[in-house]
There are 2 protein chains.
Amino acid sequence: MRARDLADPFPTVPLDADAAEAARLLVTRRLPGLVVTSADNRPYAVLGASQVLRFVLPGFLLDDPSSGRAYGEAAAAEVSARLSTRTVRDVLPADTTEIPAVDPDATPLEVAALMTQRHSPLVAVVDGQRLAGVVTATRVLAALLPRPE
Amino acid sequence: MRARDLADPFPTVPLDADAAEAARLLVTRRLPGLVVTSADNRPYAVLGASQVLRFVLPGFLLDDPSSGRAYGEAAAAEVSARLSTRTVRDVLPADTTEIPAVDPDATPLEVAALMTQRHSPLVAVVDGQRLAGVVTATRVLAALLPRPE
């Protein structure tokens with residue numbers, strides 16, 4: 001079994017897409033992440049729900065989550081409004097470097113190791129410069145598990 | 001909206017459960033993680049697919065994922081065999097402390113902040129000592145997003 005056999009088709013969003021729309025796509029499709037593509041349509045980065053949360057939450061809440069008790073619906077709306085004038089590019093961490101990607105011949109162990117090393121919920125399978133699909137953590141774990149007896 | 005409204009029922013596994021069976025449950029149900037319960041049936045920790053991967057992969061692969069290219073089906077079977085004689089307790093990181101948990105009255109911002117601070121794919125909603133359900137990253141993100149116009 002190789003990366004090409006583990007890859008599922010996954011929606012992509014361009015770097016300049018509306019951040020709130022990208023977040024809504026994550027949510028409605030219940031995806032662990034989206035592949036973000038650059039202007040020349042190459043896979044560029046992975047955007048996960050945790051990155052969106054990190055972007056919208058004010059720093060004091062990350063330091064002390066219990067301080068969020070005082071903030072109800074109105075504050076939540078205000079926080080999420082931070083997304084509505086932003087693009088996906090704005091939401092990606094500043095230290096985003098290269099997308100975790102393998103070629104279609106990568107082995108499950110290689111995919112699993114890259115996913116773990118990069119703390120990414122997804123690994124992109126790239127054939128030349130084309131996105132051939134995406135491998136999720138559950139998919140690669142399934143490939144590594146012993147068959148039930 | 002409060003944590004109780006965001007919580008979905010989720011399967012739990014005891015600390016002494018077979019690790020391979022727990023991993024299989026994650027995979028077949030396509031869950032972002034499982035809640036692990038202690039001997040007295042209290043929520044104890046969250047076990048995610050990424051933790052299982054980190055446990056089964058040898059260190060040299062995490063340092064250099066491309067070295068996994070040489071390892072095919074047989075090596076994958078050998079790696080996954082590391083799970084079959086282990087319990088969930090063995091697979092949890094040594095620095096596992098308290099489970100990321102909130103009470104049912106926590107606000108979405110509080111849940112989101114705890115999830116982000118603890119780098120956890122799940123937050124447990126605990127009512128007294130009973131697990132009332134689990135909030136996922138997509139669920140809390142959905143609660144924070146502005147409604148589509």
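The values are calculated or read from the model by the stated rules, or taken from the named source; none is laboratory data. Note that the structure is a prediction, hence the values are computed from the model and not measured. Every residue, glycine as well, gets a Cβ built from its backbone with ideal geometry; the counts of neighbours run over all protein chains shown. Accessible surface areas use protein heavy atoms only, side chains included; no ligands, DNA or RNA. Shrake-Rupley method; radii C 1.70, N 1.55, O 1.52, S 1.80 Å.
If you check B:Arg82, B:Arg86, B:Arg24 for being at pLDDT below 85 and of a type outside the set (Asp, Glu), only one passes: B:Arg82. Counting only strands (runs of 3 or more DSSP E) that fall entirely inside segment B:1-110 and contain at least 1 residues that are open to solvent by less than 50 Å² (accessible area, probe 1.4 Å), within 12 Å of chain A (Cβ to nearest Cβ) and not basic (Lys, Arg), the qualifying elements are B:33-37, B:43-48. Of the residues in segment A:43-65, at least one is at pLDDT 90 or above and small (Gly, Ala, Ser). The single residue among A:Ala39, A:Ala143 that is more than 22 Å from B:Thr136 (Cα to Cα) and in contact (Cβ under 8 Å) with a residue 60 or more places away in the chain turns out to be A:Ala143. B:Val125 meets all of the listed conditions (1) within 11 Å of another protein chain (Cβ to nearest Cβ); (2) modelled with pLDDT of 90 or more but one, namely (1). Scanning segment A:1-19 for residues that are at pLDDT 90 or above, of a type in the set (A, V, I, L, M, F, W, C) and over 12 Å from the mean Cα position of the chain (by Cα) yields A:Ala3, A:Leu6, A:Ala7, A:Leu15, A:Ala17, A:Ala19.
Can you find even one residue in segment A:75-97 that is among the hydroxyl-bearing types (Ser, Thr, Tyr) and under 28 Å from B:Ala74 (Cα atoms)? Within segment A:75-97, none of the residues are among the hydroxyl-bearing types (Ser, Thr, Tyr) and under 28 Å from B:Ala74 (Cα atoms). Residues that are in a loop (DSSP other than H, G, I, E, B), polar (S, T, N, Q), within 30 Å of A:Leu6 (Cα to Cα) and open to solvent by 20 Å² or more (accessible area, probe 1.4 Å) do not occur anywhere in segment B:121-138. Taking the criterion of being of a type outside the set (S, T, N, Q) and either crowded, with 19+ Cβ neighbours inside 10 Å or touching a residue at least 60 places away in the same chain (Cβ under 8 Å) (or both), the residues of segment B:111-120 that qualify are B:Val111, B:Ala112, B:Ala113, B:Leu114, B:Met115.
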